[in-house]
Amino acid sequence: MPELPEVETVRRILEKDILGRTILDYKIIYPRLIQSSLEEFANIRDKKIIAISRKGKFLILNLSSNYSLLVHFRMEGKFFHLDSLDNVNKSTSLYFTLDNGTYLLFNDTRKFGVMYLKKDEELYVSKPLSSIGKEPWEIEDESYLLNRYKSINKPIKEVLLDQTIISGLGNIYADEVLFLSKINPFKKASKITREEAKNILINSEIVLKKAIELGGSTIKSYHPSKGVNGNFQNELLAYGREGKRCVNCNSKMEKRFVNGRGTTY
């Protein structure tokens with residue numbers, strides 16, 4: 001599943017390719033992609049893409065006339081900017097026709113991705129963005145985490161995946177943050193010390209910014225866009241390294257599951 005660095009990589013690619021273009025028309029192939037009413041979604045016609053932003057794992061196409069298209073890629077969603085519709089196939093959920101004769105395709109093999117067309121005044125005060133927490137660099141200090149964690153008796157690995165507390169961390173980067181912070185992923189969030197909370201913030205920022213710099217992680221079948229591979233998977237110290245030796249102490253890395261999510265430590 002694309003996490004914050006992968007979505008930021010897509011944002012930067014699209015900013016180069018489609019910023020300033022106008023959406024002339026669209027075709028919905030998989031209706032469940034659209035979470036707004038289809039009548040409301042029709043307002044996307046003739047809207048200019050004036051900015052491309054992001055909140056956590058959500059991509060936002062900021063449009064003219066105070067509209068925004070909110071996109072969550074879920075497991076396998078990805079955008080392709082193409083000169084023709086030759087590559088429309090069973091994975092294509094929707095495509096936009098742009099004013100320069102090109103097309104923006106949304107492909108999604110798993111069909112879990114979602115889109116919302118919203119008025120700007122509703123964007124951050126309605127779901128899903130109203131419940132999204134701060135990104136690590138938006139949090140002033142560790143007191144924020146301690147206050148949120150103090151009554152949570154779930155494993156810290158599970159809590160790091162809660163996007164209402166910190167946004168942007170998914171399974172890959174949560175493993176990396178806990179490894180760098182030297183925190184047992186099964187430790188209860190309520191037992192996290194001030195020093196550990198501080199390290200979570202520091203290492204979350206380090207890991208996410210490094211992953212953004214390297215274009216995210218290409219794991220298994222996920223690529224952020226056509227012909228684009230992330231390189232952060234070559235830097236991973238915990239995720240996917242079960243059975244290998246720890247880079248710090250040479251003990252064997254193990255994998256267990258926390259709330260159904262594979263956790264390597």
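The values are calculated or read from the model by the stated rules, or taken from the named source; none is laboratory data. The model shown is predicted, which means the values in this text are computed figures rather than measured ones. Heads up, the Cβs are rebuilt from the backbone with ideal geometry, glycines too, and the neighbour counts pull from every protein chain shown. Accessible surface is based on the protein model in full, side chains and every heavy atom, while ligands, DNA and RNA are left aside. Shrake-Rupley method; radii C 1.70, N 1.55, O 1.52, S 1.80 Å.
Some notes on this structure:
- Residues in segment 223-265 that are open to solvent by less than 40 Å² (accessible area, probe 1.4 Å), closer than 30 Å to Phe80 by Cβ and modelled with pLDDT of 85 or more: Leu236, Gly262.
- When each of Leu214, Leu161 is tested for being touching a helix residue (DSSP H, G or I) at 6+ places or on another chain (Cβ under 9 Å) and either modelled with pLDDT of 95 or more or of a type in the set (Phe, Trp, Tyr) (or both), the lone residue that passes is Leu161.
- Close pairs (8 angstrom Cβ cut-off, 6 or more residues apart or separate chains): closer than 15 Å to Leu24 by Cβ in segment 37-66, part of a helix (DSSP H, G or I) and open to solvent by less than 20 Å² (accessible area, probe 1.4 Å) anywhere: Ile49/Ile18; Leu61/Leu14; Leu63/Ile44
- Selected residue (criterion: nearest to Lys78 (Cα to Cα)) from residues of segment 97-131 that are surrounded by 15 or more Cβ atoms within 10 Å (Cβ to Cβ) and of a type in the set (Phe, Trp, Tyr): Phe106
- Just one of (1) open to solvent by 20 Å² or more (accessible area, probe 1.4 Å); (2) within 30 Å of Ser64 (Cα to Cα) fails for Phe179. It is (2).
- Qualifying residue in segment 44-65 (condition: in contact with a helix residue (DSSP H, G or I) (Cβ under 7 Å, 6 or more places away or on another chain) and in a loop (DSSP other than H, G, I, E, B)): yes
- Inside segment 149-170, residues that are free of Cβ contacts under 8 Å to residues at least 60 places away in the same chain, surrounded by fewer than 18 Cβ atoms within 10 Å (Cβ to Cβ) and either of a type in the set (Asp, Glu) or within 19 Å of Asn259 (Cβ to Cβ) (or both) make up a count of 5.
- Which listed residue, of Lys16, Lys27, Lys90, is at negative phi and either in contact (Cβ under 8 Å) with a residue 12 or more places away in the chain or crowded, with 17+ Cβ neighbours inside 10 Å (or both): Lys27
- Inter-residue pairs, beta-carbon under 6 Å, first over 14 Å from Cys246 (Cβ atoms) and in segment 171-186, second acidic (Asp, Glu), 6+ apart: Tyr173/Glu3; Ile183/Glu196
- Among the residues making up segment 132-147, those that are open to solvent by less than 50 Å² (accessible area, probe 1.4 Å) and either within 17 Å of Ser37 (Cβ to Cβ) or charged (D, E, K, R) (or both) are Glu135, Glu142.
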